[in-house]
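Read the structure below first, then the notes.
The values are calculated or read from the model by the stated rules, or taken from the named source; none is laboratory data. Small disclaimer: the values here were computed from a predicted structure and weren't measured. So basically every Cβ, Gly included, is an ideal-geometry build from the backbone, and we count neighbours across all protein chains shown. Only protein heavy atoms, including side chains, enter the accessible area calculation; ligands, DNA and RNA are left aside. Shrake-Rupley method; radii C 1.70, N 1.55, O 1.52, S 1.80 Å.
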Amino acid sequence: HPKVWVARYEPKASAQALGQKPIVRIVCASRNLTTSPCWELFAAFEGQENGGTSENGKTGLVSGLTSFLARLNRETSGSEDVLRRLQRALQNAQIDLPSQMQKRCRFEWQWHGGPALWASFPQRGTRALVISPFLRATFLSRLVPAFDRLTIVSTQEEFDALSHVAHQALAEGNELFVVRSAEAEDGSAAMQLHAKLFICETQTTTTVL
């Protein structure tokens with residue numbers, strides 16, 4: 001289910017590109033490999049392959065990605081060389097993080113039998129924003145008592161599938177928004193919700209997944 005791109009771009013063999021370093025680009029997205037016109041979200045990071053002097057990128061984002069690629073390498077066959085070259089490129093890259101992510105930026109991933117995404121959420125918080133085309137009662141039963149106020153953006157179909165008890169729990173002091181599809185030029189549905197975003201606030205920190 002992951003949607004992750006790790007790409008390495010080498011400079012052109014030309015006089016103008018002489019001395020330029022390869023570029024490494026990381027994209028973590030909600031998008032599938034389709035031409036779907038859905039509403040998506042993604043985070044993109046880029047840096048030069050110059051020895052990997054950026055500690056911010058190496059300790060969180062890059063280390064998480066390289067460990068994910070290493071696990072993928074152990075579980076697959078036929079693509080080991082590509083995965084190893086991407087790992088080396090990441091380890092040698094200086095990823096320049098935006099100022100908002102200087103303190104901490106991690107690549108979170110899970111494998112069969114590993115810790116669930118819920119382990120990355122604060123155990124207690126003041127506010128949370130959830131944008132997701134999928135809502136499950138088991139997840140909401142953890143989310144509702146953990147935060148003082150929720151803002152949830154989803155689809156009518158997902159809200160309708162929740163039980164009456166789940167609706168009652170969500171209705172008390174929280175905000176619920178329904179995304180309705182737009183109509184494309186050919187009459188088909190466009191801008192359906194496919195994005196997944198979580199923003200959790202506590203008294204001292206903000207966590208974005």
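Quick notes on this one:
- Straight Cα distances below 14 angstrom link K103 to the aspartates and glutamates E55, with same-chain residues fewer than 8 positions distant left out.
- Each Lys and Arg adds +1 at its Cβ and each Asp and Glu adds -1 at its Cβ; summed about the Cα centre, segment 63-135 shows a dipole of about 280 debye.
- Label-point separation in nm, A119 to Q168, each point 7 Å along Cα→Cβ: 3.4 nm
- Averaging the Cα positions of each part gives two centres, and for segment 86-120 and segment 132-172 these lie 28 Å apart.
- Largest to smallest accessible area among R142, R31 [probe 1.4 Å]: R142, R31
- Expressed to the nearest 5 percent, the antiparallel share of DSSP beta bridges inside segment 61-209 is 50 percent.
- Between segment 1-53 and segment 179-209, the alpha-carbon center distance in angstrom: 23 Å
- Projected label distance in nm at N50 and I199, using a 7 Å step from Cα toward the beta-carbon: 3.2 nm
- For G113, net neighbour charge (Lys/Arg +1, Asp/Glu -1) across residues whose Cβ lies under 14 Å away: 0
- The dipole here belongs to the chain: it is taken about the Cα centre, uses +1 on the Cβ of Lys and Arg and -1 on the Cβ of Asp and Glu, and is about 880 debye.
- Here the simple spin-label model places points 7 Å from the Cα toward Cβ, and for E185 and T206 these points are separated by 3.8 nm.
- Entry for semi-axes √(5λ) of the Cα gyration tensor in Å (calculated from the structure that is shown) out of (i) 36, 22, 17; (ii) 25, 22, 19; (iii) 31, 23, 16: (i)
- Near N32, once Lys and Arg are set to +1 and Asp and Glu to -1 for all other residues with Cβ below 11 Å from its Cβ, the sum equals +1.
- When the charge dipole of the chain is built from unit charges on Cβ atoms (+1 for Lys and Arg, -1 for Asp and Glu) and taken about the Cα centre, the candidate among G19, W39, T126 whose Cα reaches farthest toward its positive end is G19.
- Calculated FRET value between T138 and Q102, using beta carbons and R₀ = 30 Å, to 0.05: 0.30
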